[in-house]
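Notes follow once the structure below has been shown.
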Amino acid sequence: MPVQPIETGDVLVAVEGPIVTATLNRPSKLNALTQEMYRVLADTVLAAAADPQVAAVVVTGNDRAFSAGNDLVDFTSGQGLDQAVRFLEAIASVDVPLVAAVRGSAIGVGLTMLLHFDLVYVEPTASLAVPFVGLGLVPEAGSSILLPKAVGERHAADLLLTGRTIDGTTAAEWGLANAAVSPALDAALEAAGRLALQPPVALRATKALVRSPQTTLAEQMTDEMTQLVKALGEAEFAEAIAARREKRAPDFRR
């Protein structure tokens, strides 16, 4: 089933050609996430992944924040975390590219979810933190593995153990983001537009390789060669070669 646009509510979903944009829309609570918001986000990401015409999903926040993390009232209500788990599992597993635009606060899961995104753009004045320890909690969303991988063990320990807040410029310098730029949403949409120009099958296969959990170089090289041999027989490769010969722009979505 194609991605369904949503024009009202705590998550807004827009579909423009091959680009899906999900906007967290709970500004009075700094876009703190409820189980219902997680459900909508998971549904959107999974629907986008199931649609081969979708080139990218862009996630951003309305007004002054990306997300202040879990809504603590909702989080402690006893209704369970099934939808949060479902969303995190979705962004960790889908092959459709994910792009984030971060303005204002990205706290807790507002930061850790970014570790599963392929491209991240933050505004220089954004504030990012993972204050789990200060709440008597531990990291989630695989961040105890992914954060050291992204920024190194020293920076990860600084963030996770002390709960310190860093700005967007530092986040980009440390490798948490592709760039610190304002407005971040414009940069994210521009990047999504570039993704939309790529051949869809090769785009998703390449993301899957980059995100592969393979632990050895030999295993990864074998997987790459399998995918390469398969790609040589695909229509996308034929179109790319034909376009070069005919000196025109390739059309991978006709």
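Taking the stretch 200-228, which residues are surrounded by 10 or more Cβ atoms within 10 Å (Cβ to Cβ) and more than 23 Å from Q53 (Cβ to Cβ)? Within the stretch 200-228, S212, Q214, E219, Q220, M221, T222, D223, E224, M225, T226, L228 qualify.
Here is a yes/no grid of residues against (1) among the β-branched types (V, I, T); (2) not assigned by TED's automatic domain parsing to the domain that holds D95:
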residue: L176; (1), (2): no, no
residue: A180; (1), (2): no, no
residue: V210; (1), (2): yes, yes
residue: A235; (1), (2): no, yes
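If the condition is being over 14 Å from S67 (Cβ atoms), of a type in the set (G, A, S) and assigned to a helix (DSSP H, G or I), then the stretch 91-139 contributes A92, S93, G134.
All conditions but one from (1) part of a loop (DSSP other than H, G, I, E, B); (2) at pLDDT 90 or above; (3) not small (G, A, S) apply to L189; the one that does not is (1). In this structure, is A242 at pLDDT 95 or above and either under 24 Å from V59 (Cβ atoms) or assigned to a helix (DSSP H, G or I) (or both)? When the stated conditions are applied, A242 does not pass them. Residues in the stretch 229-241 that are surrounded by 13 or more Cβ atoms within 10 Å (Cβ to Cβ) and of a type in the set (A, V, I, L, M, F, W, C): A231, F237, A240.
Quick one: in the stretch 205-221, which of the residues that are in a helix (DSSP H, G or I) and either among the polar types (S, T, N, Q) or touching a Pro at 6+ places or on another chain (Cβ under 8 Å) (or both) is farthest from T23 (Cα to Cα)?
Of the stretch 205-221, the ones in a helix (DSSP H, G or I) are 205-210, 217-221.
Narrowing further to those that are either among the polar types (S, T, N, Q) or touching a Pro at 6+ places or on another chain (Cβ under 8 Å) (or both): 206-207, 220.
On the way: T206: 26, K207: 23, Q220: 35 Å.
Checked the stretch 205-221; the qualifying residue farthest from T23 (Cα to Cα) is Q220.
If the condition is being part of a strand (DSSP E or B) and out of contact with any Pro (no Cβ under 8 Å at 6 or more places or on another chain), then the stretch 62-90 contributes F66, S67, N70. Checked against the criteria, R64 does not count as surrounded by fewer than 19 Cβ atoms within 10 Å (Cβ to Cβ) and at pLDDT 95 or above. V3 fulfils the conditions (1) in the same structural domain as G104 (by TED's automatic domain parsing); (2) crowded, with 17+ Cβ neighbours inside 10 Å except for a single criterion, (1).
When the residues of the stretch 245-254 are filtered to those that are at pLDDT 85 or above and in a loop (DSSP other than H, G, I, E, B), which remaining residue is surrounded by the fewest Cβ atoms within 10 Å (Cβ to Cβ)? Result: K247. Taking every residue in the stretch 68-92 that is buried (at least 20 other Cβ atoms within 10 Å of the Cβ) and pairing it with any residue that is among the charged types (D, E, K, R) and modelled with pLDDT of 90 or more, at least 6 positions away or on another chain, the pairs with Cβ-Cβ distances below 6 Å are Q83/R39.
The values are calculated or read from the model by the stated rules, or taken from the named source; none is laboratory data. These numbers come from a predicted model, not from an experiment. Positions of Cβ are generated from backbone atoms using ideal geometry, with glycine treated the same way; all protein chains shown enter the neighbour counts.
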